[in-house]
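Remarks on the structure that follows.
Bear in mind that the values in this text are calculations on the coordinates, not laboratory data. What you see is a predicted model, and the numbers here were worked out from it, not measured in a lab.
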Amino acid sequence: MQDTTNKLSSNRIKKEKIVEELLQKVGKAKGLVFTNYQGLTHQQIEGLKRALKKVDAEYVNTKNTLLLIALKDKIDTEAEKDKFQNPTATLFIYDDIVGPLKELTKSIKDFKLPSIKFGMLDGVVLSENEIVKISTLPPLDVLRAQLLGNMKGPISGLHRALSWNIQKFVMTLSAIEKSKQSTTN
């Protein structure tokens, strides 16, 4: 009887440690995407994990009950509980949101798996279609460059217009000066 009690407590300690790690990851993550990884081979999952690690994200599969305990402060677990019926892996996105989503959708295109259940970005619950739509955006650096280009465009146009008017004025004055010099000679 004593041996069973020790076994249960060590199991409980392991689960508490897993929940604590999940809580840290949830707290650090900018976005979460929940997927059903059922049907993927171990090699495919490990390949996806390696690809996601390169873009500052993590793909973790845990028991649904432990995941729900870790998420109780982030989402309404009662409303979303039906989505945690099948095996669930969580994509924790730590930096740029688009890069990891591109890797996930690339995996979905290649293997037709995993299937996206739903996601959360900045506290907003998103459907599978919305997540796929976000994955088609360019990376954050490209978006910043496009924004900067769009902001710089009107200023450059104004500069060219004002510069041309000044150049035209200087050329007119120069022509007048030349015409006066030619008439006086």
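Inter-part distance, the stretch 99-136 to the stretch 22-80, computed on C-alpha centroids, equals 12 Å. Taking G119, G47, G99 as the candidate residues, the one with maximal mean-square fluctuation in a Gaussian network model of the chain, Cα springs under 10 Å, is G47.
Calculated on the Cα set of the chain, radius of gyration then Dmax: 29.2, 123 Å.
Fully extending the segment from Q146 to Y94, taken as 0.36 nm per residue of separation minus the present Cα-Cα distance, adds 16.4 nm. Normalised by residue number, the volume inside the convex hull of the Cα atoms of the stretch 29-139 is 93 Å³ per residue. With a threshold of 29 Å on the Cα-Cα distance, the over-threshold entries among K17/K109; K83/K109; K54/K152; K14/K133; K17/K106 are K17/K109; K54/K152; K14/K133; K17/K106.
Shown here: the stretch 128-168, whose C-alpha atoms stretch 57, 16, 9 Å along the first, second and third principal axes, sorted largest to smallest.
Calculated mean residue ellipticity, 222 nm, the chain: -21500 deg cm²/dmol, from DSSP H runs (n ≥ 4) at -39500 (n - 2.57) each, averaged per residue and rounded to 500.
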